[in-house]
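**Student:** Input: one structure, supplied below.
The values are calculated or read from the model by the stated rules, or taken from the named source; none is laboratory data. Predicted, not measured: the structure shown is a model, and the values here were computed from it. Don't worry about glycine lacking a Cβ; one is built from the backbone with ideal geometry, like all the others, and counts go over all protein chains shown. Heads up: the accessible areas ignore ligands, DNA and RNA and are worked out on the full protein's heavy atoms, side chains in. Shrake-Rupley method; radii C 1.70, N 1.55, O 1.52, S 1.80 Å.
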Amino acid sequence: MFKEVRRHAITEYRTESRTSADSWADEAYRREYHAFTSLVWSPKRKKLYCGLTNFGNDLLWEFDPAGGTFKDLGYRQAGFCEPFDIKLHRSLEIDSRGVLYGATSCLHGIEKRAEGPGGKVFSYDPETGQYRLLAIPKSRDYIQTISLDEKRAMIYGFTYPVFEFFAYSIGENRVRYCEYQESIVHVGAVDDRGRYWGTWSSRHHLFSYDPAENRVTYHQ
């Protein structure tokens, strides 16, 4: 049972309009508006890591519940950050060492799709403050969600706006599998056998991916 709920905000940005049509041009909106789209707790550091939506590419912060304070982790200064990196949407994971894994999503329209290089899978080490670009799984498309299988050193995810499932091997540093699925999940899952589960087709049937066989099985 909750005994108390406290409200914490990175910035107290308020607007009369609920639309984001002018977000690219409005400097105040780009700088001040932050929406929480991914959260992960670090047992090692006792900190909450916050993946954000922000039109100024301000995407990763650390929250200290003991002090009630936020810290900007400087994603904008990562050498691979670019204007279309707008959010970490269901795309923040942590391993047993406390290293974070994230992936960038977008909010631009189809008319700008050819301008964006694609969503990035990256790591961030809170101990050193260092970012590392791991992969752009699919050129031009960004990433809606990822799941980490630390035991097998695999990251799974879905791209957007073209709904492709990908399997990236951290150890091999390559995308081992990528295929259109006509469906997209917000939260995938890895079972005890190491199979990743997602959805395929407009009916959102389940599929499973086996990394040992590098093969998808489509379930009805």
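**Student:** If you scan segment 188-206, which residues turn out to be on the phi > 0 side of the Ramachandran plot and open to solvent by 50 Å² or more (accessible area, probe 1.4 Å)?
**Tutor:** Initially, segment 188-206 is screened for residues on the phi > 0 side of the Ramachandran plot, giving 194, 201, 204.
Answer for segment 188-206, where residues must be on the phi > 0 side of the Ramachandran plot and open to solvent by 50 Å² or more (accessible area, probe 1.4 Å): just His204.
**Student:** Mind listing whichever residues of segment 41-56 are crowded, with 16+ Cβ neighbours inside 10 Å, modelled with pLDDT of 95 or more and of a type in the set (Gly, Ala, Ser)?
**Tutor:** Gly51, the sole residue that qualifies.
**Student:** Which one of Ala135, Ala114, Ala153 is among the aliphatic types (A, V, I, L, M), open to solvent by 10 Å² or more (accessible area, probe 1.4 Å) and in contact with a Ser or Thr (Cβ under 9 Å, 6 or more places away or on another chain)?
**Tutor:** Values: Ala135 fails: in contact with a Ser or Thr (Cβ under 9 Å, 6 or more places away or on another chain); Ala114 fails: in contact with a Ser or Thr (Cβ under 9 Å, 6 or more places away or on another chain).
Within the list Ala135, Ala114, Ala153, the selection yields Ala153.
**Student:** May I ask you to verify whether Glu93 is over 14 Å from the mean Cα position of the chain (by Cα), modelled with pLDDT of 95 or more and among the charged types (D, E, K, R)?
**Tutor:** Details: over 14 Å from the mean Cα position of the chain (by Cα): no; modelled with pLDDT of 95 or more: yes; among the charged types (D, E, K, R): yes.
No: the conditions fail for Glu93.
**Student:** I'd like to check something: does segment 72-87 contain any residue that is touching a residue at least 60 places away in the same chain (Cβ under 8 Å) and surrounded by 14 or more Cβ atoms within 10 Å (Cβ to Cβ)?
**Tutor:** No, segment 72-87 contains no residue that is touching a residue at least 60 places away in the same chain (Cβ under 8 Å) and surrounded by 14 or more Cβ atoms within 10 Å (Cβ to Cβ).
**Student:** OK, next. Let me confirm something: among Val162, Val185, which residue is surrounded by 18 or more Cβ atoms within 10 Å (Cβ to Cβ), in a loop (DSSP other than H, G, I, E, B) and among the aliphatic types (A, V, I, L, M)?
**Tutor:** Result of the check over Val162, Val185: Val185.
**Student:** For segment 143-157, state whether one or more residues are at pLDDT 95 or above, more than 30 Å from Arg45 (Cβ to Cβ) and assigned to a strand (DSSP E or B).
**Tutor:** Let us first name the residues in segment 143-157 that are at pLDDT 95 or above, namely 143-157.
So of that shortlist, the ones also more than 30 Å from Arg45 (Cβ to Cβ) come out as none.
No, that holds for no residue.
**Student:** Further question on the same structure: Can you pull out every residue in segment 117-132 that is outside any strand (DSSP E or B) and open to solvent by less than 40 Å² (accessible area, probe 1.4 Å)?
**Tutor:** So in segment 117-132, the residues outside any strand (DSSP E or B) come out as 117-120, 126-129.
Across segment 117-132, the qualifying residues are Gly118, Gly119, Lys120, Pro126, Gly129.
**Student:** Something else: Could you name every one of the strands (runs of 3 or more DSSP E) located completely within segment 40-116 that has at least 2 residues being among the small types (Gly, Ala, Ser)?
**Tutor:** Filter on segment 40-116 gives 100-103.
**Student:** Between a residue in segment 96-112 that is touching a residue at least 12 places away in the same chain (Cβ under 8 Å) and any residue that is among the basic types (Lys, Arg) and open to solvent by less than 10 Å² (accessible area, probe 1.4 Å), which pairs come within a Cβ distance under 9 Å, given they are 6 or more apart or on different chains?
**Tutor:** Between residues of segment 96-112 that are touching a residue at least 12 places away in the same chain (Cβ under 8 Å) and residues that are among the basic types (Lys, Arg) and open to solvent by less than 10 Å² (accessible area, probe 1.4 Å), the close pairs are Gly102/Lys120; Ala103/Lys120; Thr104/Lys120.
**Student:** Quick one: Tyr142 ticks every box in (1) in contact with a strand residue (DSSP E or B) (Cβ under 8 Å, 6 or more places away or on another chain); (2) farther than 24 Å from Phe207 by Cα; (3) of a type in the set (Phe, Trp, Tyr) bar one, so which box is it?
**Tutor:** Tyr142 satisfies all of (1) in contact with a strand residue (DSSP E or B) (Cβ under 8 Å, 6 or more places away or on another chain); (2) farther than 24 Å from Phe207 by Cα; (3) of a type in the set (Phe, Trp, Tyr) except (2).
**Student:** Sticking with this one: Give Ser96, Ser38 a once-over and let me know the one that is within 22 Å of Thr145 (Cβ to Cβ) and open to solvent by less than 40 Å² (accessible area, probe 1.4 Å).
**Tutor:** Result of the check over Ser96, Ser38: Ser38.
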